[in-house]
Amino acid sequence: MKIDVLTLFPDMFNNIFSESIIKRAISNNLVEINIHNIRDYSKDPHKKVDDTPYGGGAGMVLMCQPIFDAVKALKTENSKVILLTPGGTLYKQKIAFNLSKEKHLILICGHYEGFDERIKTVVDTEISIGDYVLTGGEIPAMIIIDSITRLIDGVIRKESYESDSFTDNLLDYPTYTKPRVYEGLEVPSVLISGDHKKINEWRREKQIEVTKKNRPDLLKGDNGYE
Ligand SMILES: C[S@@+](CC[C@H](N)C(=O)[O-])C[C@H]1O[C@@H](n2cnc3c(N)ncnc32)[C@H](O)[C@@H]1O
């Protein structure tokens, strides 16, 4: 998969993909990530990319021209163009899974007050990473890239993400490692019983228990995971 990011702050992405699983995915050519400065596409002699909003109001608004031109330059017939915006569809693991099957993503990061509404005409989808407002789309882009990359075939083992939280509308089950007792806290005996049928049943029960307690909305199936 190829991912192109359009941002006003490319340095924010320095080092973010240079460790662990994402680093390995890049060096194994399973994902290619390119960071583009929106300013490089500006036709303005001073590389201006934003201006004040029509009708008045606070903040600066990202102009159409640099974004339209950047999308035209990068887009192919296999591209999916995503605008990061608090007003977009709420990002969920199911969306991450679907996006991980795409060939090419172009992520557009807004900043300041936001972007000219007409930019929406060159995007395929709008995504919000949560009901809060960040200073820019850079952190949302990083979150999307990270969550998608681990789901690309060959990056991690399928078994590793198949039991992750949000699969089957459930949160993950509790896990433990050595030692068996730490400061008086014991590992549940079923996990050292060697009985895999019982262990699987216990894990399923715990998944349901923690989901009921922390995220009952997932069990109702009205959350986009069904
Ligand atoms: C300060 S925000 C603009 C907020 C905008 N005035 C609004 O209320 O919807 C600047 C940029 O950060 C990004 N952003 C902020 N919060 C986000 C979120 N929850 N999800 C995705 N992108 C976000 C978007 O690209 C947005 O254009």
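Structural remarks
- Residues (part of a loop (DSSP other than H, G, I, E, B) and surrounded by 15 or more Cβ atoms within 10 Å (Cβ to Cβ)) located in the range 173-223: Tyr173, Val187, Arg215, Asn223
- Residue check, Glu77 more than 10 Å from the ligand (Cβ to nearest atom), surrounded by 13 or more Cβ atoms within 10 Å (Cβ to Cβ) and part of a loop (DSSP other than H, G, I, E, B): no
- Residue pairs meeting the criteria (Cβ under 7 Å; at least 6 apart or on separate chains; first more than 20 Å from Phe13 (Cβ to Cβ), in the range 35-62; second modelled with pLDDT of 95 or more and of a type in the set (Ser, Thr, Tyr)): Lys48/Ser42; Met60/Thr52
- Residue check, Ile127 within 21 Å of Asp4 (Cα to Cα) and out of contact with any Phe, Trp or Tyr (no Cβ under 9 Å at 6 or more places or on another chain): no
- Where a residue in the range 185-207 is without any contact (Cβ under 8 Å) to a residue 12 or more places away in the chain and its partner, wherever it lies, is of a type in the set (D, E, K, R) and in a loop (DSSP other than H, G, I, E, B), with Cβ under 9 Å and at least six apart: Glu186/Arg180; Val187/Lys178; Val187/Arg180
- Close pairs from the range 111-134: first assigned by TED's automatic domain parsing to the domain that holds Lys94, partner assigned to a strand (DSSP E or B) and away from the ligand (no atom under 11 Å from the Cβ), Cβ under 6 Å, at least 6 apart: Val123/Val81; Asp124/Lys80; Asp124/Val81
- All positions within the range 58-74 that are farther than 19 Å from Ile145 by Cβ and more than 16 Å from the ligand (Cβ to nearest atom): Gln65, Phe68, Asp69, Lys72, Ala73
- Residues of the range 80-126 that are within 11 Å of the ligand (Cβ to nearest atom), hydrophobic (A, V, I, L, M, F, W, C) and in a strand (DSSP E or B): Ile82, Leu83, Leu84, Leu90, Leu107, Ile108, Cys109, Phe115.
- Of the residues making up the range 135-156, just one is within 12 Å of the ligand (Cβ to nearest atom), part of a loop (DSSP other than H, G, I, E, B) and either touching a residue at least 60 places away in the same chain (Cβ under 8 Å) or crowded, with 20+ Cβ neighbours inside 10 Å (or both), namely Gly137.
The values are calculated or read from the model by the stated rules, or taken from the named source; none is laboratory data. This is a predicted model, so every value here is computed, not measured. Here the Cβ is made from the backbone with ideal geometry for all residues, glycine too, and neighbour counts use every protein chain on show.
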